[in-house]
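The values are calculated or read from the model by the stated rules, or taken from the named source; none is laboratory data. Source: prediction; values computed, not measured. Ideal geometry is used to build each Cβ from the backbone, glycine not excepted, and the neighbour counts take in all protein chains shown. For accessibility, only protein heavy atoms count, side chains too; no ligands or nucleic acids. Shrake-Rupley method; radii C 1.70, N 1.55, O 1.52, S 1.80 Å.
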Amino acid sequence: MTMMTTGPTPEQSDSASPRVQSPTVGLPGRPEIAVGRAAGWLAGYLLLAALVGVGAGILWEKIVRLPGYRISSNGTATTTERGLTEFFGGDAWFCLIGFLAAVGLGIVAWKWFGQLGWPVVFVAVLGAVSAALICWWVGYQLGPGPFDPRLAAAQPGDFVPIALNLRSPVALLVWAFGAIIPVLLRASLGRDEEEEALPARSKRS
């Protein structure tokens with residue numbers, strides 16, 4: 001009498017094979033998130049920041065009224081006292097537009113990356129500073145351009161506006177500060193999901 005041995009069926013072999021899980025990223029006390037998914041959300045957020053920077057740069061160029069110099073008959077360039085006070089008007093508008101735009105980016109950063117915990121601050125600052133640099137570049141490109149070549153080519157009676165540029169790069173910090181505000185407010189004044197989950201776990205146990 002011969003005995004026949006049967007091997008595992010294809011269904012059993014498939015179920016016994018180990019499943020390969022995608023790598024995850026997480027922090028203590030925080031849910032783990034797939035690396036690919038987190039990278040995709042980060043790329044989307046940076047793309048959004050770039051679009052915000054382009055729009056802010058266009059708005060900055062449209063709003064700012066640039067002062068300039070009037071070329072006299074003897075070839076000298078002069079400006080008024082009011083013109084001198086308006087030299088930092090571009091920086092003021094850059095800060096105002098940037099603060100409002102950065103607050104919006106900070107809210108989006110919390111909505112998308114709030115589960116990661118404290119790294120959301122770096123994400124918000126990264127997006128805001130990226131948008132600020134793009135806004136600066138777009139506004140400068142849309143503006144009248146470099147000042148010295150235009151001044152050298154000007155004729156008597158011409159009015160030569162200054163370049164649309166930042167006089168103080170510290171204005172970039174206003175964008176970063178604006179992005180941090182909604183994150184800090186939400187983290188300090190919002191509900192703590194971990195503390196709310198503790199009573200539910202104690203009841204189950």
Condition check for residue 121: in contact with a Phe, Trp or Tyr (Cβ under 9 Å, 6 or more places away or on another chain) and open to solvent by less than 60 Å² (accessible area, probe 1.4 Å): no
Within the range 30-40, is there a residue that is within 27 Å of the chain's Cα centre (by Cα) and at pLDDT 75 or above? yes
Of the residues that make up the range 61-78, is at least one on the phi > 0 side of the Ramachandran plot and part of a loop (DSSP other than H, G, I, E, B)? yes
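Only residues that are assigned to a helix (DSSP H, G or I), at pLDDT below 80 and surrounded by fewer than 16 Cβ atoms within 10 Å (Cβ to Cβ): list them for the range 79-92, please. Explain how you work it out, then say what you get.
Filtering the range 79-92 for residues assigned to a helix (DSSP H, G or I) gives 81-92.
Okay, now just the ones that are also at pLDDT below 80, so 81-86.
Result: 81, 82, 84, 85.
For (1) more than 22 Å from residue 56 (Cβ to Cβ); (2) open to solvent by less than 50 Å² (accessible area, probe 1.4 Å); (3) modelled with pLDDT of 90 or more, each residue gets a yes or a no:
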{"residue": "128", "(1), (2), (3)": "no, yes, yes"}
{"residue": "138", "(1), (2), (3)": "no, yes, yes"}
{"residue": "151", "(1), (2), (3)": "yes, no, no"}
{"residue": "155", "(1), (2), (3)": "yes, no, no"}
{"residue": "159", "(1), (2), (3)": "yes, no, no"}
{"residue": "167", "(1), (2), (3)": "no, no, no"}
{"residue": "176", "(1), (2), (3)": "no, yes, yes"}
{"residue": "189", "(1), (2), (3)": "yes, no, no"}
{"residue": "193", "(1), (2), (3)": "yes, no, no"}
Every residue in the range 55-78 that is open to solvent by less than 50 Å² (accessible area, probe 1.4 Å) and farther than 13 Å from residue 139 by Cβ, please. 67, 68, 71, 72, 77
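Being under 13 Å from the mean Cα position of the chain (by Cα), farther than 29 Å from residue 157 by Cβ and at pLDDT 85 or above is true for just one of 100, 59, 96. Which residue is that?
Numbers: 59 fails: under 13 Å from the mean Cα position of the chain (by Cα); 96 fails: under 13 Å from the mean Cα position of the chain (by Cα).
Just one listed residue meets the conditions, 100.
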What number goes with the only condition from (1) open to solvent by 70 Å² or more (accessible area, probe 1.4 Å); (2) under 12 Å from the mean Cα position of the chain (by Cα) that residue 111 does not pass? (2)
